[in-house]
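**Q** For reference, the structure I am asking about is given below.
The values are calculated or read from the model by the stated rules, or taken from the named source; none is laboratory data. The structure displayed is predicted, hence computed values, not measured ones. Backbone-built Cβ (ideal geometry, glycine too); neighbour counts: all protein chains shown. Only protein heavy atoms, including side chains, enter the accessible area calculation; ligands, DNA and RNA are left aside. Shrake-Rupley method; radii C 1.70, N 1.55, O 1.52, S 1.80 Å.
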Amino acid sequence: MLKLAYVGGLGMMAGPAATHLTVDGPARVLRVHDRGSQGGTRDQYRADWKSHGAALVPTLEQMVGAGDLDGVVVCAGKNGDDVAIISDLTARLSAVSTTRPFILHLSTVSPDFAEAATAFCANHQVDYANYPLTGGPLGAQLGGADPKGMLILASGDDGLYQRLLPLLQRLGHPKYFGHSPAAGAITKLIGHHMVFNGLNGIATAAAIHADCFNQGRLGGSEQSDYLSYLNGGAGGTRQWDLGLSKGIASDNWSQGFSIHHAVVDAIYAARLAVTAGLPRISIQAMTNTAFTFAYLLHRYPGQTLATHAVAREMIRNGSAELDRFMSERGAFAADSETVIAAAAAALPEKIRASALLEISVSHFEAGLS
């Protein structure tokens, strides 16, 4: 049975592991990092981890312990958040472990992060794998026992994947995408192209319906019925069922994929499209999404909003302000690289630091000094 510790175990994607991992294995979580943050579902996950048998500890030093772990699971943030965590854990695991430990990184990061982290960890006799998750908090709660449980996008060392497979099958539905350390991250970003294009389509449909049939407003049973019916046609998208339907039917604009995370993912997805040599129409779709999310973050500071809240800015009485924000911040520049840099610059400072574009091994090594 694997002996593990968790970083980010009180979050909505990793917290449900406390109930999916039972006494019969395939893994036992000995310790969970707990910085003491309050609110949301954290108290419930604290109780679940205690029931599992895990100790809640305030520091990474206590969490790593004295060499009794096979590995650490990390599900925290983006490039800028996780580079210091991976660096710190690598140093601590390398110093105390008697057998080669691993770091299982479940966060959505950029492909260059996955490649650099793999090389850095290997230099310090630690195995690393980035297996991003997709399916949202509900998928994490359902786990591998339910057909609608979250997907786990695995890649990298095949031996490590086979070792982790029983664990992964408890948490969700894993699929292995090959030996490249970045293949899981690339797959996650391919999925984001599908998600964000679908979101733009259904939000645009809602805004046009509002103007033509619903007295210029979003909401109500007639609009919900209209869009639900139309979504059953050839242009249908899961973004209606998973997101926008909540806003239209019940005025719920916070439940779902948080824009605080989604805005960085959209920038990573745009960079991937540039790397893949895609045309401007593919790249611009992602940068437009990133700018729209950035606009929401500036307009509603401190609020928790899900991605489908973009629909509220598309209707006639809000669209001009969104256009002005994007034009002034450089959303329509001639060069895609310039637009991507402008999208990152348009983010609130804390989220901009979290994005950390262009990462290399040196970023991890800097954490050791």
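**Q** Per residue, how big is the convex hull of region 1-87 when only Cα atoms are used? Give it in Å³. Spell out each step's value before the answer.
**A** Details: hull volume 8.0 nm³, N = 87.
Dividing the Cα hull volume of region 1-87 by its residues yields 92 Å³.
**Q** Just to check I understand the Karplus step: with θ = phi - 60° and J = 6.51 cos²θ - 1.76 cosθ + 1.60, what whole-Hz values come out for region 31-42, glycine and proline as x?
**A** Rounded to whole hertz, the list is 9, 10, 5, 10, 7, x, 4, 10, x, x, 9, 4.
**Q** Considering only protein heavy atoms and a probe of 1.4 Å, how much of the accessible area of region 283-369 is carbon and sulfur, as a whole percent? Provide the component values of the computation, followed by the final result.
**A** Details: 2130 of 4130 Å².
Carbon and sulfur together cover 51 percent of it.
**Q** How do 338-344, 37-43 rank on mean C-beta neighbours within 10 Å, highest first?
**A** On the way: 338-344: 20.7, 37-43: 11.1.
Highest mean packing first, the order is 338-344, 37-43.
**Q** Could you tell me how many degrees, from 0 to 90 and to the nearest 10, lie between the Cα long axis of helix 316-329 and the main elongation axis, the longest principal axis, of the Cα atoms of the chain?
**A** Roughly 60 degrees, rounded to the nearest 10.
**Q** Per residue Cα convex hull volume for region 30-188, in cubic angstrom? Could you put the intermediate results ahead of the total?
**A** Details: hull volume 17.8 nm³, N = 159.
Measuring per residue, one finds 112 Å³ for the Cα hull of region 30-188.
**Q** Mind putting together the pair-distance distribution for region 208-278? All Cα pairs, 10 Å bins, whole percent per bin, short to long.
**A** P(r) for region 208-278, in whole percents per bin: 18, 36, 29, 16, 1.
**Q** Between region 341-361 and region 233-282, how far is it from one alpha carbon centroid to the other, in angstrom?
**A** Comparing the Cα centres of region 341-361 and region 233-282, I get a distance of 19 Å.
**Q** Show log10 I(q)/I(0) for region 247-310 at q = 0.16 Å⁻¹, two decimals, from a solvent-free Debye sum over equal Cα scatterers.
**A** Rounded to two decimals, the profile gives -0.54.
**Q** Mind ranking 259-271, 345-357 by how tightly packed they are, going by the mean number of other C-beta atoms within 10 angstrom, highest first? Kindly include the intermediate steps, with their values, before the conclusion.
**A** Details: 259-271: 26.4, 345-357: 16.9.
My ranking of the peptides, most packed first, is 259-271, 345-357.
**Q** How big is the chain in terms of Cα radius of gyration and Dmax, in angstroms?
**A** Both quantities, over Cα of the chain: 21.0, 68 Å.
**Q** Given 5 Å bins starting at zero, what is the percent of C-alpha pairs of region 253-369 in each, up to the one with the largest pair distance?
**A** Calculated over all Cα pairs of region 253-369, the distribution is 2, 12, 21, 22, 20, 12, 7, 3, 1, 0, 0 percent.
**Q** Oh, and also: Just the number, please: carbon plus sulfur as a percent of the accessible area of region 92-175, 1.4 Å probe, no ligands or DNA/RNA counted. Walk me through the numbers before you get to the answer.
**A** Working: 1690 of 3220 Å².
Roughly 53 percent of what the probe reaches on region 92-175 is carbon or sulfur.
**Q** ³J(HN,Hα) across region 73-89 via Karplus (A = 6.51, B = -1.76, C = 1.60, θ = phi - 60°), whole Hz, x for Gly/Pro?
**A** Result, rounded to whole Hz: 9, 10, 9, 10, x, 10, 3, x, 7, 8, 4, 5, 5, 5, 4, 4, 4.
**Q** From the cross-link list Lys3/Lys78; Lys188/Lys350; Lys175/Lys246, which pairs have alpha carbons spaced over 28 Å apart? Intermediate values should be presented prior to the final figure.
**A** On the way: Lys3/Lys78 25 Å; Lys188/Lys350 23 Å; Lys175/Lys246 30 Å.
Correct reply: Lys175/Lys246.
**Q** Could you give the distance between the Cα centres of region 1-44 and region 112-130, to the whole Å?
**A** After rounding, the separation between the Cα centres reads 23 Å.
**Q** Follow-up. Give me the Debye-computed log₁₀ of I(q)/I(0) at q = 0.18, 0.19, 0.25 Å⁻¹ for region 35-127, equal point scatterers on Cα only, no solvent, two decimals.
**A** -0.89, -0.98, -1.34
**Q** With every protein chain kept in place and ligands, DNA and RNA left out, what is the accessible area per residue of the chain? Probe 1.4 Å, answer in Å². Please report the intermediate quantities before stating the final value.
**A** Working: 16090 Å² over 369 residues.
Heavy-atom SASA per residue in the chain reads 44 Å².
**Q** Which whole-angstrom value gives the distance between the alpha carbon centres of region 132-203 and region 292-327?
**A** 29 Å
**Q** From the phi angles alone, apply the Karplus equation (6.51, -1.76, 1.60; θ = phi - 60°) to region 227-234 and give each ³J(HN,Hα) in whole Hz, x where the residue is Gly or Pro.
**A** Those phi angles translate into 6, 5, 5, 5, 5, x, x, 5 Hz.
**Q** Top mean-square fluctuation among Lys188, Lys78, Lys246, Gaussian network model of the chain, C-alpha springs under 10 Å?
**A** With Cα springs under 10 Å in the chain, the top fluctuation among Lys188, Lys78, Lys246 is at Lys246.
**Q** What residue among Gln125, Gln255, Gln303 has the largest mean-square fluctuation in a Gaussian network model of the chain, using Cα springs under 10 Å?
**A** Gln303
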